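For reference, the structure is listed below as structure tokens.
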Amino acid sequence: MIVLRSVALVFALALMAAPAVARIDDFPPGFVLPSPQQKAVGALLAEATDAGDPIEAIVLDGVRHAYEARDFDLIWLTDRNARPQMVELRSMMDQASVYGLDPASYPTPDLAPSYPDDVQRLAQADVEFSRAVGRFVTHISSGRIQPTVISKLITLEPERPDIGEALVRLSRSTAIAADLRSFEPSHRDYRALKSELARLRALPGEPERIIVPEGDLLKPGKSDDRVPLLRTRLGVSIAADAEPNVYDDALVEAVEAAQAEAGLNADGVVGPQTLGVLNGRSREEEIASVIANLERWRWMPRDLG
């Protein structure tokens, strides 16, 4: 019956464009006239574009399949109201940052539409919500970008979810959070990264960092304008009779200790690697690193063997 009604909808849309007046004998047996709502959804999906985004193309294809399977009936809006699953999914997309994603990537229309009799706007709201959910599921499951965009040497092929199936499942779900988790990688390291992201974001305000600028190699006995900053960074006081800008023995000893702790060659020479260790990374740099690695895990096979 689903196939028959889908064919019937296409047939009806074609008749709408035809100049001749249709007769009852023109319709196939079992033909069911599509509702204005179904026609609006079908027209919207026929006109929808992916804007050249290969991942959005996958999402849009899955969204089309989901609506075709239900003869272009609405998925989320029933009796002109948002279904509970729609409300909960919107809440989850608002918290996309816990996945290292941006909530702004999943815009949706008002869930309490003020246009209950506007068939076109209701159809648009339903379809737009499906596209946002499909995009969200794709991103948490298999990433936001194709690995080859980074480098053609990356040969990983992320396992993209079946969006049509995902929309049907989520629209009927009684446990949205659990069902969304089922789309994520289950690997221990991925879960640890999500926990680390939450920990970093929960930390109190970051204290002001002391950054020692890059420059020429700083060797023992050398005079350099960066030496006072280096002293402050390592908490080394200066002797009363010492030159402020001279890299003296006490400071060299502190640098060597820092190098040894970081696994570097403890030679006391301050170069790019030593500066990297001494300056450390900001909170935002740490968060960006975690987010990048969450994306990389989403590219990985679910079964690592």
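The values are calculated or read from the model by the stated rules, or taken from the named source; none is laboratory data. This is a predicted model, so every value here is computed, not measured. Using ideal geometry, Cβ is built from the backbone for each residue, glycine included, and neighbour counts are taken over all protein chains shown. Just the protein is used for accessible areas: all its heavy atoms, side chains included, with ligands, DNA and RNA removed. Shrake-Rupley method; radii C 1.70, N 1.55, O 1.52, S 1.80 Å.
Brief remarks on what is shown
- For the chain, the per residue solvent-accessible surface stands at 55 Å², with DNA, RNA and ligands left out and a 1.4 Å probe.
- Sulfur and carbon atoms: percent of accessible area, the stretch 70-220 [1.4 Å]: 50 percent
- Computed from the Cβ-Cβ distance with R0 of 25 Å, the FRET efficiency linking ARG80 to ASP53 stands at 0.20.
- Peptides 174-181, 99-106, 132-139 ordered by average Cβ neighbours within 10 Å, highest first: 132-139, 99-106, 174-181
- Mean Kyte hydropathy of -0.5 or more with a Cα span along the axis of at least 30 Å, helices from DSSP in the chain: 119-142
- Between GLU157 and ARG188, the simple spin-label model (points 7 angstrom out along Cα→Cβ) gives 3.0 nm.
- Carbon plus sulfur fraction of accessible area for the stretch 257-305, probe 1.4 Å, in percent: 52 percent
- Note on the stretch 130-212: Cα Rg divided by 2.2 N^0.38 Å, N the number of residues, gives 1.46.
- Potential lengthening between ALA177 and GLU243 on full extension [0.36 nm per residue; Cα-Cα distance subtracted]: 17.5 nm
- With both labels modelled 7 Å from their Cα along Cα-to-Cβ, the ALA288 to HIS65 distance reads 3.7 nm.
- Ratio of the Cα radius of gyration of the stretch 98-152 to 2.2 N^0.38 Å, where N counts its residues: 1.49
- Distance between the modelled labels on GLU196 and SER105, one decimal in nanometres: 1.9 nm (7 Å Cα→Cβ projection).
- Paramagnetic reach from ALA258 in the stretch 220-237 [backbone N under 13 Å; point 7 Å along Cα→Cβ]: 226-237
- Choice from PRO36, PRO244, PRO107 showing the highest fluctuation, given a GNM over the chain with Cα pairs closer than 10 Å: PRO244
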